[in-house]
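The values are calculated or read from the model by the stated rules, or taken from the named source; none is laboratory data. Quantities reported herein were computed from a predicted structural model and do not represent experimental measurements. Counting neighbours? That spans all protein chains shown, and the Cβs are built from the backbone with ideal geometry, glycine included. We work out accessible area using only protein heavy atoms, side chains counted, and drop any ligands, DNA or RNA first. Shrake-Rupley method; radii C 1.70, N 1.55, O 1.52, S 1.80 Å.
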Amino acid sequence: MATYTRANAWNNRGTFDNKDLYWYAIGVRAMMDRALNDPASWWFFAAIHGEYVTPDNDPGKFPGWGYIPGVPKVPTTPLPTPNVVKIYWNQCQHQSWFFPPWHRGYLVALEAQLREDIVQAKGPTNWALPYWDYFGPGDEFDIPPAFTQQNMPNGSPNPLFVTARYGPYANNIVFDPTAMGLKKYPPPPNFHGVVTEKCLSNSVYTGSDSNTPLPGFGGPLTGFWHGDVYPSGNLEQDPHNLTHVFVGGSVSDTVYGLMSDPGLAALDPIFYLHHANIDRMWAVWNSNSSHNNPSDPNWLKGPAASGEREFIMPMPGKKSWRYIPKDVNSLSQMDYTYENLKQVPVVDLLALRLSRLGIRAVATPGAAAESVRNSVELVGANDGPMSIKGSGASTTVRLDTEVRQKVAHSLSVAAENSAPDRVYLNLENVRGTHDATALSIFINLPEGSNPGDHPDLLAGTVALFGLRRASLADGKHVGGGLSFLLDISAIVDRMHLDNALNTDNLRVMIVPNRPVSDNAQITVERVSIYREGPKR
Amino acid sequence: MIYDDRDRVRVRNAVLAVTTLAWVLVWTRSMRIPGLSDPHAHHHAISRGAVSASAAVDWMLMLAAMMAPVLIQPIRFVRGSSLALHRTRSTLLFVAGYTAVWMFAGALMLLLAAALGSSGFSLYVRVGAFFLIALTWQCSPAKQACLNRCHVLWALAAFGRAADTDALVFGATQGVWCAGSCWAWMLLLLLLSSGHIVAMAATTVLIFSERLDDPAPVSWRWRGLGRARRIVAGRVMVRKRARAA
């Protein structure tokens with residue numbers, strides 16, 4: 001029986017009547033009262049995730065920590081010693097299979113520090129971090145109201161309130177645009193993003209199978225080498241990245257919400273409730289007995305075993321905690337649980353797909369699932385870089401006739417006990433400076449038509465969380481930017497059924513959720529199409 | 001860009017086979033024909049104004065032995081970015097571009113080594129001075145800039161002549177940054193009169209280790225074996241934890 005239970009932030013209507021939120025605010029305030037260089041401070045913990053305050057990272061304008069508008073007033077001095085910075089700051093793991101375990105440890109450490117401060121303030125000794133389940137019933141896609149009040153019930157400033165939190169439509173209405181959220185708040189014309197929990201239907205942590213598109217639920221295998229630009233795992237891409245960018249939002253061409261950028265995000269108290277929900281989703285996924293975390297020693301031992309930075313967190317009492325994924329592999333190893341770990345219905349993607357293709361049954365579904373693993377090849381690509389400005393841009397992806405015919409053949413013979421190829425659209429080397437941007441990608445949109453009229457041609461929506469940092473020439477990504485993978489098999493299936501797959505060109509249109517200025521400098525170096533299936 | 005897992009393994013195995021073969025050939029040539037595989041022995045030929053075929057072969061073997069391991073990832077990238085039917089062609093073009101740059105750099109270095117050899121300074125002075133130069137370069141911001149650029153992979157064209165050109169240019173660019181990063185140690189190797197195999201092995205470890213390190217801000221700092229040291233420390237740490245558990 002776990003000592004601590006993380007409960008829904010929307011209990012007691014998400015106000016300060018919810019004692020978990022009330023005491024969270026008390027703890028956050030205590031941590032915010034400490035100096036930047038104090039490992040028990042709010043600011044130090046935010047910098048563990050990522051920062052723009054050290055000389056190497058401060059751009060001298062927003063998003064530098066000295067240029068953040070409104071509250072909270074973020075300190076920029078005193079900096080810790082360079083050695084402390086090197087050990088603790090800028091640790092966050094993204095676009096990696098270490099994304100879930102690193103963040104789990106991060107939450108445990110912050111929660112321990114908050115609990116220490118809450119107990120000091122005579123709060124409950126069993127306090128635990130609440131989670132924001134934006135997929136919950138009613139209006140739970142809205143940010144809990146305790147985060148939008150400028151003052152606490154006693155009139156003191158509310159430490160959970162943040163000025164730079166603008167919401168998906170940049171109008172200070174902060175909600176997560178889930179399907180239910182979009183019903184309450186009808187989207188503006190260019191907005192096509194919808195946040196989902198479809199990753200919970202995946203069955204593979206890293207890699208792919210019939211129910212899991214690449215790179216897998218938890219993220220891609222990331223090893224020794226750093227030049228590669230890996231895509232986010234499916235949990236990380238949707239809902240994690242999308243929620244970050246939509247909750248943060250944007251207020252101008254140069255200033256955006258804290259949540260939209262990994263170097264600012266953990267300054268916003270809603271960050272940790274969002275991540276508690278991501279951590280909960282990982283636990284929900286694990287609660288299905290066939291959904292297993294990697295048994296690969298390279299994952300279990302963590303990046304430190306490969307000479308990378310170790311996972312290390314400050315803990316109360318000036319201690320530190322070094323951990324590896326093996327230490328946080330399941331909730332049963334931890335001393336906390338979640339109020340709600342109910343599984344969501346798993347969608348059988350292969351059955352759905354075969355049904356769409358008019359195939360009633362597969363003789364041996366297991367064999368069909370096996371056949372789509374690990375053979376990947378390029379089908380085609382566009383000619384050169386494209387710049388995303390204004391209301392979007394389009395490009396033509398040329399397909400290799402022979403490889404395209406392989407895809408068509410796989411669709412034709414899918415009834416013969418063989419899963420059809422999965423087809424991906426890949427945005428390669430996406431660079432820019434405005435993280436608070438989401439791009440919706442449409443395939444073969446009729447010339448001059450309104451994208452909103454063709455949801456069936458929407459390949460997906462991606463959030464540019466981490467764009468700025470990934471685009472820095474001498475940063476960890478050496479300016480490689482971000483990469484995005486979208487499973488476009490459903491669109492290809494429909495083309496096949498409409499006898500429209502006999503083409504050597506696909507038109508790809510990229511529509512940003514808000515007009516993109518020249519300042520944002522968003523470019524996509526290559527748009528490519530890959531097939532995944534048995535070698536033919 | 002999406003990697004094909006089986007092709008990743010194939011590339012690793014093929015490159016390791018090439019580098020192993022190159023080490024064996026370097027070793028046997030140095031055993032069977034004293035003076036060969038010792039670029040110092042080619043100084044006379046160079047000073048006559050021509051890089052001998054033998055020197056070119058030895059230099060090529062040195063490259064294959066020492067540099068091939070750091071090409072595993074760029075080659076995987078080139079192949080993953082190419083149509084399956086063009087993977088071999090793109091790989092060969094990439095390697096040709098890379099090798100061309102290093103062969104040119106090698107000719108310059110051999111000429112410089114030959115000039116230094118006939119400068120009148122003693123061997124110890126030459127080697128000592130160049131060791132200090134190599135150490136200084138190792139710590140310099142310029143070295144970090146080169147190392148960072150070695151990690152850069154950019155999108156390649158998929159079709160036609162543009163695909164061929166991109167693979168070739170990508171290889172040459174990798175060669176430029178690689179030569180920029182490693183020239184000082186390679187030149188030092190050419191100045192040695194003995195102990196080549198050991199020095200080559202040590203330099204290979206250094207080059208591979210520093211290539212595994214994260215890209216970093218461009219500044220003066222000691223760099224080189226940090227990643228190798230951390231790998232060892234990490235393994236020890238994990239073993240200790242396993243024993244404690």
Check: Dipole of the protein assembly as shown, Cα-centred, from +1 at each Lys and Arg C-beta and -1 at each Asp and Glu C-beta, to the nearest 20 debye?
Finding: 2160
Note to self: Per residue of the stretch A:13-21, what does 6.51 cos²θ - 1.76 cosθ + 1.60 with θ = phi - 60° give for ³J(HN,Hα)? Whole Hz please, x for Gly and Pro, Karplus curve as stated.
What the structure shows: 6, x, 9, 6, 5, 7, 5, 4, 6
Notebook entry, point to check: Taking amide H positions as placed 1.01 Å from N in the peptide plane, with prolines and chain starts having none, which residues 5 or more places from A:L399, or on another chain, fall under 5 Å of its amide H?
Noted result: A:N505, A:L506
Item checked: Cut-off under 5 Å, modelled amide H: who pairs with A:S203 long-range -> A:N211, A:T212
Next item on the list: Please report the relative contact order for chain A, taking Cα pairs under 8 Å with a sequence separation of at least 6, and give it as a percent rounded to a whole number.
Entry: 17
Next item on the list: Leaving ligands, DNA and RNA out of it, work out the accessible area of A:Y169 with a 1.4 Å probe and give it in Å² to the nearest 10.
Entry: 50
Item checked: Accessible surface of B:R149 - all protein chains present, 1.4 Å probe, nearest 10 Å² -> 70
Check: Which order do A:R356, A:R115 take when ranked by solvent-accessible area (1.4 Å probe, heavy atoms of all protein chains), largest first?
Finding: A:R356, A:R115
Notebook entry, point to check: What does the charge dipole of the stretch B:187-245 about its Cα centre add up to, to the nearest 20 debye, if the Cβ of each Lys and Arg holds +1 and the Cβ of each Asp and Glu holds -1?
Noted result: 540
Checklist line | Qualifying lysines (Cα of each under 19 Å from Cα of A:K301; at least 8 residues distant if same chain) | finding: A:K326, B:K240
Check: Could the peptides A:390-403, B:86-99, A:286-299, B:166-179 be put in order, highest first, of the mean number of other beta-carbon atoms found within 10 Å of their residues?
Finding: B:166-179, B:86-99, A:390-403, A:286-299
Notebook entry, point to check: Probe 1.4 Å, all protein chains in place: accessible area of A:M315 in Å², nearest 10?
Noted result: 40
Item checked: Listed residues B:L63, B:N13, B:A233: farthest to the positive end of the dipole of the stretch B:5-244 (Cβ charges) -> B:A233
Notebook entry, point to check: Relative contact order, percent, of the stretch A:18-152 when contacts are C-alpha pairs under 8 Å separated by at least 6 residues?
Noted result: 26
Note to self: As I understand it, the dipole of the protein assembly as shown uses +1 on the Cβ of Lys and Arg and -1 on the Cβ of Asp and Glu, about the Cα centre. Which of A:G50, A:N444, B:T203 lies farthest toward its positive end?
What the structure shows: B:T203
Next item on the list: Could you pull out every residue, at least 5 positions away or on a different chain, whose amide H is within less than 5 Å of the one on A:R514? Hs are placed 1.01 Å off N in the peptide plane, and Pro or chain starts have none.
Entry: A:A438
Checklist line | Cα-centred dipole magnitude for chain B, charges only on beta-carbon of K, R (+1) and D, E (-1), debye, nearest 20 | finding: 960
Note to self: Whole-Hz ³J(HN,Hα) for each residue in the stretch A:233-249, computed from phi via Karplus 6.51 cos²θ - 1.76 cosθ + 1.60 with θ = phi - 60°, x for glycine and proline: what do you get?
What the structure shows: x, 5, 5, 5, 5, 9, x, 4, 5, 4, 5, 3, 5, 6, 5, x, x
Margin query: How shielded is A:302-310 by partner chains, expressed as the average number of their Cβ atoms within 10 Å of its Cβ atoms?
Written below: 6
Next item on the list: Considering Cα pairs under 8 angstrom that are at least six residues apart, work out the relative contact order of the stretch B:5-244 and quote it in whole percent.
Entry: 24
Next item on the list: Please compute how much accessible surface disappears when B pairs with A, both sides summed, using a 1.4 Å probe, and round it to the nearest 100 Å².
Entry: 3900
Next item on the list: Determine which aspartates and glutamates satisfy two conditions relative to A:K184: a Cα distance under 20 Å, and not lying fewer than 8 residues away in the same chain.
Entry: A:D133, A:D139, A:E140, A:D142, A:D176, A:E197, A:D453
Note to self: From the protein chains alone at 1.4 Å, what is the descending order of accessible area for A:S306, B:S194, largest first?
What the structure shows: B:S194, A:S306
Next item on the list: For A:V347, B:V198, write out the residues from largest to smallest accessible area, computed with a 1.4 angstrom probe and no ligands counted.
Entry: B:V198, A:V347
Note to self: Give me a comma-separated list of calculated 3J(HN,Hα) values for the stretch A:188-204, in order, Karplus coefficients 6.51, -1.76, 1.60 applied at θ = phi - 60°, integers in Hz, x for any Gly or Pro.
What the structure shows: x, x, 8, 8, 10, x, 9, 8, 10, 10, 5, 4, 5, 7, 5, 10, 10
Check: In this model, which of A:K61/A:K389; A:K61/A:K476; A:K61/A:K198 are farther than 27 Å apart at the alpha-carbon?
Finding: A:K61/A:K198
Next item on the list: Summarise the partner chain shielding of B:1-10 as one whole number: the mean count of Cβ atoms from other chains within 10 Å of each residue's Cβ.
Entry: 6
Margin query: For peptide B:83-95, what's the mean number of Cβ atoms from other chains within 10 Å of each residue's Cβ?
Written below: 2
